[in-house]
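Accompanying notes for the structure given below.
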Amino acid sequence: MSLISSYWKDFIKNMGEKDKNSIIYPLLRQAKIQSVSDEKLTLSVISASQFDFLDKRADQIEASFFDFCKQKIEINFIIIIPTKKKIEAPLLSFEPSIEDVFAKAGLNKKYNFDNFAVSTSNQVAYAAAQAVVNNPGSAYNPLFLYGGVGVGKTHIAQSVAKKILEADRNKKVYFCPGDNFTNELIESIREKATGRFRKKYRYLNLLIIDDIQFIAGKNAVQEEFFHTFNSIASSGGQIILTSDRPPSAIKNLEDRLHSRFLGGLTVDIQPPDFELRSAILLIKAKEKGVEIDIEAVKIITERITDCRGLEGALLSIYAKTFGSKDKIDLEAVEMFFSQDNREKKKRVNPTDVIKTVCSFYNIKQSHLKSSSRAASIAFYRQIAMYLLEKELGLTLIEVAELLNRKDHTTALHAKQKIGNLILRDPNLKKEVDIITQSLFQST
Ligand code: ADP
Ligand code: MG
């Protein structure tokens, strides 16, 4: 395939994602490439009215194509009226694109197996998912995937659905978030339309309920789900369930559902290790067209341990470097993390520090600010001064004022003394760490 035709295919695909409702899109999608030379693309359409519509807009299409891939082309349309046989073929009927099929099944275009990285923490789940793709309805039914937030449960479940639809787009597949199942059922009961609800769910070839834990405790919903489950499974359909915990840990789950859940295969997905996080970050960067140094990847994945955070950090860093750098390097990452810290610090104010120290050591704020020289109080006061200077970056004069000391040398003394003690006394270090952590966590 020539470069231009491959760009053209991407261009159409992109238009389908962005601009699905336009009239140009379905027409261009059906137009056939007749010939391509260096900068000339000839497309055939099947009627004079299509020709008129598109030919008038050739300039506009050329311009969007250029915006898309920075490639100049001249587009010519010709009419080729299909022979009778072809007219009977489904060319004329607007056969839904695979993207439309995915969307109808409730699937997000972001997730598929090609952009899913596999490592020790998720390889069993991955293998089980593949087995389900190859033998839906019989290998493991249900496939029950569980694990913490962001470990890739939704990603894997949706990838299975896509594979099954890709193999046969007539399969009835539906991906349903657990709370949607609940809401939809309640709605259908209210509207006396449970028949429609059942028709939608009970005859599926593949049903995925994402975050099934949401149906626990709701009797009517569990009852309905039980029958849905039986109906699908008994007619050879596949069920995939995901949850943040194993079946045995879902509170208020009916026994009969619990035993159904255990009747297939239950697999847990562990949090991603460093290597997997790096692989995921590289995938996300590639998808977004962001260039990133491997050193920068390492720093980000060392500091951010959950997948959702990774993507967020990547985008923030990219947004910050955009325009000034052509790729994310170590410097950009360092800048991001130090800025992030400074912003956090800004959100904590001096009163928070004093309050937190007092509540940790169980003393009154008024004592801390009083002129009392009692050794115990003086010591906690010094800790407060140390933290005000170190964590909030206040000047020694400001620190002294906050605690009603006349002379900033008291603050200087506190800074040096506590700083030295922390190096020698692990217990004190631990206390100060806990205070610092709770300060920044609560904001
Ligand atoms: P969960 O449903 O377990 O909370 P998600 O499937 O929503 O997690 O994943 C969170 C994010 O992390 C998504 O952007 C997903 O694409 C990404 N992700 C998680 N695991 C992987 C993986 N193994 N490979 C690629 N991306 C992953
Ligand atoms: Mg999820």
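Tabulated data for the structure shown
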item	result
Positive minus negative residues near D293 (Lys, Arg vs Asp, Glu; Cβ under 13 Å)	-3
Paired Rg and Dmax values of the range 214-344, which use every Cα atom, in angstrom	21.7, 60
MRE, 222 nm, helices only [DSSP H, n ≥ 4, -39500 (n - 2.57), over the chain, to nearest 500]	-18000 deg cm²/dmol
Efficiency of FRET between N252 and T395 - r from beta-carbon atoms, R0 56 angstrom, step 0.05	0.50
Stretch gain in nm, segment K199-L330, where the contour uses 0.36 nm per residue and the Cα spacing is subtracted	41.6 nm
Cβ-based exposure ranking for C69, C176, in which fewest neighbours within 10 Å come first	C69, C176
Under 22 Å, Cα to Cα: Lys pairs in the range 223-332, sequence gap 8 or more or different chains	15
Per-selection Kirkwood Rh - the chain (Cα, Å, 1 d.p.)	27.4 Å
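Every read-out reported here was derived from the displayed coordinates using simple, explicitly stated rules and does not represent laboratory data. All figures in this text were calculated on a predicted structure; none of them were measured in a lab. Using ideal geometry, Cβ is built from the backbone for each residue, glycine included, and neighbour counts are taken over all protein chains shown.
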